[in-house]
Structures are given as structure tokens and as C-alpha cells.
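Enquirer: One structure is given below, represented as C-alpha cells, and several questions about it will come after.
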Ligand SMILES: Nc1ncnc2c1ncn2[C@@H]1O[C@H](COP(=O)(O)OP(=O)(O)OP(=O)(O)O)[C@@H](O)[C@H]1O
Ligand SMILES: [Mg+2]
């Protein structure tokens, strides 16, 4: 029988590869900019026309190529970045497949101009710069082209020879937007490199070299946005996680900016973003999507970068450990003073390398009035010596002042704190109840005269369904026939607590559903949140000095003192630096 299998000529193979590597102008820009960065460019200029469909030009001041390399680089699997399969395990460059340039060249009219150091004259290597022209993958000219060191790749008429693919492209403005996103993403990977992007001659991005990620983010989305970010920096078991995440009170629903890098390489991983979101639990409302920029520095061999056609995904050897590390790292940041809401107009942009280490806090003296039950000891993290709150002096108690019977003013070393007494108490009650669930629940006070509460049918059913958890929250409930229940015992969070009202409101909210109820992940959390919300002392409640102090101490004994259970702040902070600015000091 005749042979029916043929090895495809390179030109066809490249066209097929182009389908995977070059989907649209943005992917082409990504490949070319990555090459520029791999060539150690300090400045990358990108110009597009017609959304990149008519023209994409990327100019860099990197190391450039010799004439020989300028021709060879258009061959499939021609790469200077790896030499053996073993190198794949520790590849530090963006590219490594030797696929991008031949794939792009196969579906466009491409001109590549390049020169080594001294290429404008006759270089040290003894040759001037080079220009290579390629039409649909065929080299049509190789000529002298004096220029300064670096490389310019110009791609015209993308997909001119594969019209079927051209039809999938969007409008010029749609493609231009995608290009802009791609450039912004790459600019974040190398803050020290300058970038410019123009579209039909109009500047879209102008990013001078930045000192760090925060400054680069400021350059892309504005300094106001950058100032809402908090530094993350942890290291454990050979893996380091560093980056920036958003202050909860600044986070908004809708579009989120996010980027993940592993050893300098961007990758997509919705599960890791979810792990970070998980850390925000109870500090932001549902649907709110904080900005997240994290880089993982991992040992060679613990991640495989060669698993996706466009190199957009990676595979971690120990994924669940990485997810857990992300959640822990972000959670740690949200426990700190820096994550508190602030009145400061321009909080100092975060400095990544420096970590704020507040002075250790003396254990608060055990003053307890009737207002609150003593706080349970801080749980597994209690060996952590870092106090959440830098106080004026170790043995001094903060001076507290209540105003409008609603807010408590406190003084810390470098700021004034305004505490919302209701929000703060919510956080306290929520964490206490959640912690107590872990060992059996909180015990209610038996009532001398049990409450008889008439409910609607759905409410009654809700109570029946949740009876076990309600009991562990301190509400001992018994069915009484019809839709009536008897409440024999209730929790006792403070002297002004109205048990019946709290119970009714909780059950109504649990039955009808609410933002708060929906934001809970478990039944226990659902009860914990509604209880905290309904049982906390209200605005308008006058507090004695001792009661304020107790609330204050209880708040700062929680894991996340700066955020209530609705995802609102418990505290708004005004730094003395901002005050000095306001008064022109
Ligand atoms: N802007 C540039 N400056 C200097 N050398 C370049 C530039 N662009 C490409 N090269 C050289 O051409 C080679 C081929 O580039 P190409 O993008 O096709 O492959 P790669 O970057 O090695 O791998 P990948 O296909 O994964 O991107 C590179 O390895 C590099 O040596
Ligand atoms: Mg490349």
C-alpha cells in the first residue's frame, strides 16, 4: 500500500503553530515584548495601527542579534534560551520554544532589524546591523541596515495569507484594548524597564522606568490605586511569596486587576486568585474583588512552565501547599494595621521590601467588667509575638473617648483611630462564636421565664433545621406546636442585650436571606454572622470608660480587628503624618 503519511514542510508546520501562539495582535505583541525583555532591553516601544491588524512594531534596546542569528531565529525551534531538555526545569527567560518568530513570520509580512553593540558603524563583531524581510514565512531579503544596538520587529498585514483566521479578529478598538492590557501585564513583570505604547500615533501608555511594582502599578492605573495596596512578603519551605494586595475598604466589585508571576513569569491561575479571595473572607462584602499581584519565587523543579501552548499556565508540583500559602500570606496582611481603612488622602505607596514591625504589645491587663465575657485565648496563632496595634507605650493604656454614643476615639503611636463601636463588637462576637463552635459552642443563660416566640411557617422550619447550631450559639429552642417555639436559654453578650429581638431578627434574616447571609460559606458562619450583627451593642449606646477599654481590648484580641463581618471597616485611621499635611506643618 502506498505511503499516506508525510512530514509537513516547515512553512505549513509554522502556520499551524501560529494558530496556537498567535491568536490576535495582543498575543503577537506579547511574544515580541517577551523577546525584547529576554534580550535585556531597558526600554521597549510598541506601536500599533488598526488595532495591530495593519501593523505591530516593537522596538527594543536589548542585546540585538548577529546577522547569522537574525536569519536562524526564523527557523522553527531556533532558540538561544535553552540547550537541553534539562534546561526546561529551570528556564528563567520568557521564551524557550523557539516558536514565536517563525510562527508570526508565517502569517504576516515581517521585517526584522537588528544590530549588536556598535551596529550603527561597523561593529566590534565586524558587521553592520541587519534587516531581514519575510513574506508569509519566506525570507525575501537580507541586507545591511545600520542602526543602534537592539532589535525592531515590524509585523504588517497579520493573517494576510490565512483569511479564515483574520475573520476571527475583533474591531480595531477591541484589539487595541487587548494589546494595551497585554502590554500593561508585561510592564508589571519588569517595573524597571520603560514602556511606551501608541495606537495609530496616539499614546496609550507611557511608563518610565519605575523603582518597584507599586510605582509601576501607579504608572499604569494611577497613584491613587497604587496607594490602596499592601505589601505581602512571606517565605516558607523554599518558596517565597511577595507582592501587593488591596486594602479591603478600597476594594470594589467588578473588574479586578490581578497578576500572578512565578519566578518572573506571568501565568493564569483562577484557583490561586480564589485562594487569595478566601483570605479576604469577612473583610470584604460578597462580589468585591480586591486587586492581587503576587510573585512566587520557587526552587527549580517545583513548577513546570511548559504545559500550555501560549505558556500562559504553569503546573505546581504541590498545588495545595501553594494555595494554602497564598491564603495564609494574604490573611497575615489583613491582620495588620496597614489594612485598616484610612482618612489619609495619599497614604505612602507601599514599599515592597520593607515590612512594618510594630513594637510588641504587652498583654492587656485583665480588666473585665460585666460588659464582655473574657476573650478566649488567641488560638493557634498565639505564639505570634507581633502585636496588631502599636500603642503609645508598653504599659500605658490607650486614652479612649466616646462621641455621639457611637464612635470611640483612640490614640496610637502614629495615628488617631476612630472605632465604630457596633462594627467592632460585631467582629468580637463573630470570632468568639466561631472559635467556640470548634469546642462545643457557647453556653446560654437559662431563662427564668422562657420566651414564647410566634414565627411564620418558613421561619419555624428554619429554626427546626438550624436547631443544633442555634443551641451551640446559646439559644436553646424547643418546638411548641403550631408555629410557636419556646426559647429556654439565650446568650448574654452584654447587659443591654434584647434576646427576643435578637432571636427574631436573626431568624427573619436567615429565612429571607440577605447579603450577609449569602456571604457566609457554612451554616455555622451564617449563624455566626447574623448573631454578631444582631447581638452587637448598637450605635447610640453610651459606654463607660471601663466598657470602652474592654471593647478595645477584645477587638484587638481578634484575628482581624480592622474589619467587621459585613466587609466594612471597624476602624478608620488618620495618621499624624496626614494631620501634619493638613495643618501644613
Ligand atoms: N528582540 C530580540 N532581541 C534579541 N534576540 C532576539 C529577539 N527576538 C528574538 N531573538 C532571538 O531569536 C530567538 C527566537 O525567538 P523566538 O521568540 O522565536 O523563540 P524563543 O523566544 O527562544 O522561544 P518562544 O517561542 O518560547 O518565544 C530567541 O531565542 C532569541 O535568541
Ligand atoms: Mg520568544
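Enquirer: Which residues, counting only those in the range 11-28, are farther than 22 Å from residue 150 by Cα, within 13 Å of ligand 2 (Cβ to nearest atom) and assigned to a helix (DSSP H, G or I)?
Expert: 17, 21
So that you can scan it fast, the table gives a plain yes or no per residue for (1) near ligand 1 (Cβ under 7 Å from one of its atoms); (2) surrounded by 21 or more Cβ atoms within 10 Å (Cβ to Cβ); (3) not in a strand (DSSP E or B):
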{"residue": "7", "(1), (2), (3)": "no, no, yes"}
{"residue": "30", "(1), (2), (3)": "no, yes, yes"}
{"residue": "35", "(1), (2), (3)": "yes, yes, yes"}
{"residue": "71", "(1), (2), (3)": "no, no, yes"}
{"residue": "98", "(1), (2), (3)": "yes, no, yes"}
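Enquirer: Moving on. When residues of the range 186-198 are filtered for being in contact with a strand residue (DSSP E or B) (Cβ under 8 Å, 6 or more places away or on another chain) and surrounded by 17 or more Cβ atoms within 10 Å (Cβ to Cβ), how many remain?
Expert: So the count comes out to 9.
Enquirer: Considering only residues that are within 16 Å of residue 31 (Cβ to Cβ) and either away from ligand 2 (no atom under 15 Å from the Cβ) or in a strand (DSSP E or B) (or both), which ones fall in the range 73-96?
Expert: none
Enquirer: Name the one entry in 214, 184 that is without any contact (Cβ under 8 Å) to a residue 60 or more places away in the chain and within 30 Å of residue 92 (Cα to Cα).
Expert: 184
Enquirer: Also, quick follow-up: Name every residue in the range 232-254 that is more than 12 Å from residue 290 (Cβ to Cβ) and out of contact with any strand residue (DSSP E or B) (no Cβ under 6 Å at 6 or more places or on another chain), in order of residue number.
Expert: Hits for the range 232-254 are 235, 236, 237, 238, 239.
Enquirer: I'd like the full set of residues that are at negative phi and in contact (Cβ under 8 Å) with a residue 60 or more places away in the chain, limited to the range 305-330.
Expert: Correct list: 305, 306, 309, 310, 321, 322, 325, 326, 328, 329, 330.
Enquirer: A further question on this structure: Inside the range 199-223, can you point out the residues that are surrounded by 15 or more Cβ atoms within 10 Å (Cβ to Cβ) and assigned to a strand (DSSP E or B)?
Expert: Correct list: 199, 204, 205, 207.
The numbers here are math on the coordinates, done by the rules we state, and not lab data. Predicted model only: the values in this text are computed from it and were never measured. Positions of Cβ are generated from backbone atoms using ideal geometry, with glycine treated the same way; all protein chains shown enter the neighbour counts.
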